[in-house]
Amino acid sequence: MTEQAGLRERKRQRTHDTISATAIALFLERGFDAVPVADIAAAAEVSKPTLFKYFPTKEDLVLHRIADHSGEAARVVAGRAAGERPLAALRRHFLDGLRDRDPVTGLNDHPQVLAYHRMVFETPSLASRVASYTEADEAALAHALDPRGGLPARLAAGQILVVQRILARDNWRRLIGGRTAAQVHRPAVTAANRGFDQLESGLAASW
């Protein structure tokens, strides 16, 4: 990449990040449905056409943070160490996420992260888009488990992602109930191990 191309890319990324941060701040302050795109463009000091060049829909202004994790489970399985079983790799990755307070695990008590998750869960258009991401993640994970795309792999992928989603949602609920991430970490690890134990007892023959 030339120096000029590198400068253009950095400028593009700064604009992308500015628009996104501005939008999310406005959404958290006023509510997703109460903020017109025109207000976001004005606050970010860009035109509406420029905004839509970076984010094709209003929902994309919020959900690109989740989309960045799209296919993560499939990547974990594909990149696991030689001899490591897929479920073992996914368990390890989830436990590492709890330790690192990865928002995807639900165990991050930063006020803006908690508010962001509440907005996503409680806004129908956002929740619907998240569901579509889940379908894509299931397909990607099933392919990583078995490139032939058989029914056992598709069933396993669905079960694995449901367990991870339930664990993350339970962690988030504990945090919005007033507990800290430090207080929730140990029970979250226990719950995660229990969830993966149940998966292994049912899926051990194949995965």
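What to note about this one:
- Stretching the chain fully between E3 and I176 yields a gain of 57.7 nm (0.36 nm per residue, less the alpha carbon separation).
- C-alpha long axis of helix 151-176 to longest principal axis of the chain, angle in °: 60 degrees
- Taking Rg/Rh (Cα atoms, Kirkwood Rh) as calculated from this structure, the corresponding entry among [x] 0.98; [y] 1.17; [z] 1.02 is [z].
- R0 of 45 Å, Cβ-Cβ distance T18-L151: FRET efficiency to nearest 0.05: 0.45
- Per atom type, the chain shows carbon and sulfur on 53% of its accessible surface, probed at 1.4 Å.
- Restricting the trypsin sites (Lys or Arg not before Pro) of segment 162-191 to loop positions (DSSP other than H, G, I, E, B) with no more than 15 neighbouring Cβ atoms within 10 Å leaves R179.
- GNM top mover of T180, T105, T134 - the chain, alpha-carbon springs below 10 Å: T180
- Over the residues of the chain, the helix contribution to mean residue ellipticity at 222 nm works out to -24500 deg cm²/dmol, using -39500 (n - 2.57) for each DSSP H run of at least 4.
- Taking every protein chain into account, the accessible area of segment 21-129 amounts to 50 square angstrom per residue (probe 1.4 Å).
- Within segment 152-183, backbone nitrogen closer than 14 Å to the virtual label 7 Å beyond the Cα of Q198 toward Cβ: 159-171
- Accessible surface for segment 151-201, divided over its residues, is 55 Å² per residue with a 1.4 Å probe.
- Axis angle, to the nearest 10 degrees, between helix 111-122 and the longest C-alpha principal axis of the chain: 80 degrees.
- Pair H64, R10: separation of 7 Å Cα→Cβ label points (nm): 1.9 nm
- Residue (of A131, A67, W172) at the positive-pole extreme of the chain, dipole from beta-carbon charges: W172
- Straight Cα distances below 17 angstrom link K53 to the aspartates and glutamates E9, D17, D39, E45, with same-chain residues fewer than 8 positions distant left out.
- Net length gained if the chain between R169 and A88 were fully extended (0.36 nm per residue, minus Cα distance): 27.0 nm
- For segment 90-195, the relative contact order comes to 39 percent (Cα pairs under 8 Å, sequence separation of at least 6).
- FRET efficiency, D96 to A38 (Cβ-Cβ, R0 30 Å, nearest 0.05): 0.10
- Computed over the chain, relative contact order equals 22 percent, with contacts defined as Cα pairs under 8 Å that lie 6+ residues apart.
- Given charges at Cβ of Lys, Arg, Asp, Glu: segment 39-161 dipole, positive-most of F52, P111, A82: A82
- To the nearest ten degrees, helix 3-30 and the longest principal axis of the Cα atoms of the chain are 90 degrees apart.
- Viscosity 1.567 mPa s, 4 °C: Kirkwood-radius Stokes-Einstein D of segment 163-207 over Cα pairs, µm²/s: 115 µm²/s
The values are calculated or read from the model by the stated rules, or taken from the named source; none is laboratory data. Everything numeric here is computed off the predicted structure, so don't read it as measured data. Reconstructed Cβ throughout: ideal geometry from the backbone, glycine too, with neighbour counts over all protein chains shown. Remember, those area values only see protein heavy atoms, side chains included, never the ligands or the DNA or RNA. Shrake-Rupley method; radii C 1.70, N 1.55, O 1.52, S 1.80 Å.
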